[in-house]
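Below: one structure, written as structure tokens.
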Amino acid sequence: MRVLWEREIDASEIVVSPRPVWKCRACPMYGKRPSCPPYAPNWREAKDWVGHFRRAFLIKFEIDMENFEGEKRKALLYLLKREEELFKEGHMYAMALFPGSCNLCDDCPFEHGQACRFPTTVRPSINAIGIEIGKLVKIDFSESVLYGMVLIN
């Protein structure tokens, strides 16, 4: 995993709608991970919530598709570290958003009806809360990339 860029954007540019959430329904992780619907905040709640932020950092990660799960895990950990750094800088409501379903654990106990091992660490997926990432970046499906975000006050 390599960070290609980190771009600060005005939070008013973030479009939240039901479209990405409906796309989640086709994902095999739908309803299986705490970062995904129906466990993530619904898009209406997220739209209101995002409206209370002024800025966000949009982060583009290049990943090796041969090791997708490991690379995605590194991206999630990077986002959580970035959230912590921003919190320490005085952004007390800094909040990371994951690219897709949480995969902090190799074997997710939540999938088997057990408690999440990291309930204070897992963050919602960008898509799960309805953020239309395609309104913020030009999606090029030939790239091996993931996008993450950290909202800040």
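Readers should treat all values here as calculations from the given coordinates under stated rules, not as data from a laboratory. What you see is a predicted model; the values in this text were computed from it and never measured. In this analysis, Cβ positions are derived from the backbone assuming ideal geometry, glycine residues included, and neighbour counts consider all displayed protein chains.
Determine the distance separating the Cα centre of the range 118-153 from the Cα centre of the range 1-24; give it in Å without decimals.
Answer, in whole Å: 5.
Looking at the square roots a ≥ b ≥ c of the eigenvalues of the Cα gyration tensor of the range 4-153, which shape do they give, rounded for a/c under 1.5, prolate if a/b is larger than b/c, or oblate?
The shape class here is rounded.
Ranking request for peptides 15-21, 96-102, 86-92, 34-40: highest mean number of other beta-carbon atoms within 10 Å first, then the rest in descending order. Can you show the working numbers first?
Details: 15-21: 17.3, 96-102: 24.3, 86-92: 13.1, 34-40: 21.3.
Top to bottom by mean Cβ count within 10 Å: 96-102, 34-40, 15-21, 86-92.
Which FRET efficiency value, to the nearest 0.05, is calculated for Asp10 and Met92 with the Förster distance at 22 angstrom and r the Cβ-Cβ distance? Working shown, then result.
Working: r = 20 Å, r/R0 = 0.89.
Efficiency for this residue pair is about 0.65.
Test of understanding: ordering Trp43, Trp5, Trp49 by Cβ neighbours within 10 Å, fewest first, what list do you get? Write down the numbers at each step before the final one.
Values: Trp43 22, Trp5 10, Trp49 16.
Ordered from fewest to most neighbouring Cβ atoms within 10 Å, Trp43, Trp5, Trp49 come out as Trp5, Trp49, Trp43.
For the range 94-101, just list the computed ³J(HN,Hα) in residue order, Karplus coefficients 6.51, -1.76 and 1.60, θ = phi - 60°, integers in Hz, with x standing in for Gly and Pro.
Values, residue by residue: 3, 9, 7, 10, 7, x, x, 5 Hz.
Restricting to the chain, what percent of DSSP beta bridges are antiparallel, rounded to 5? Before the final figure, lay out the partial values.
Numbers: 20 of 21 bridges.
Antiparallel bridges make up about 95 percent of those DSSP assigns within the chain.
Would you mind putting 61-68, 121-128 in packing order, based on average other-beta-carbon counts within 10 Å, highest first?
Numbers: 61-68: 13.8, 121-128: 24.4.
Going from most to least packed, we get 121-128, 61-68.
So what are the ³J(HN,Hα) numbers for the range 35-49, from phi and the Karplus equation (6.51, -1.76, 1.60; θ = phi - 60°), rounded to whole Hz, Gly and Pro as x?
8, 10, x, x, 7, 6, x, 6, 5, 5, 4, 5, 4, 5, 4
So what is the calculated 222 nm ellipticity per residue for the chain, using -39500 (n - 2.57) for each DSSP H run with n of 4 or more, over all residues, to the nearest 500 deg cm²/dmol? Mind dumping the intermediate values first?
On the way: 3 runs with 35 residues, N = 153.
Value at 222 nm, helices only: -7000 deg cm²/dmol.
About its Cα centre, what dipole magnitude does the range 2-152 give when the only charges are +1 on Lys and Arg Cβ and -1 on Asp and Glu Cβ, stated in debye to the nearest 20?
Numbers: 22 positive and 21 negative charges, 80 e Å.
For the range 2-152, the charge dipole is close to 380 debye.
For Lys23 and Phe141 in the same chain, what is the full-extension length gain: residue separation times 0.36 nm, less their Cα-Cα distance, in nm? Write out the running numbers ahead of the final one.
Working: separation 118, 0.36 × 118 = 42.48 nm, distance 1.62 nm.
Stretched fully, the Lys23-Phe141 segment lengthens by 40.9 nm.
Could you derive backbone 3J(HN,Hα) for the range 84-91 from the dihedral phi with the Karplus parameters 6.51, -1.76 and 1.60 (θ = phi - 60°), listing whole Hz in sequence and x where the residue is Gly or Pro?
Once θ is set to phi - 60°, the couplings for the range 84-91 become 4, 4, 5, 4, 5, 7, x, 8 Hz.
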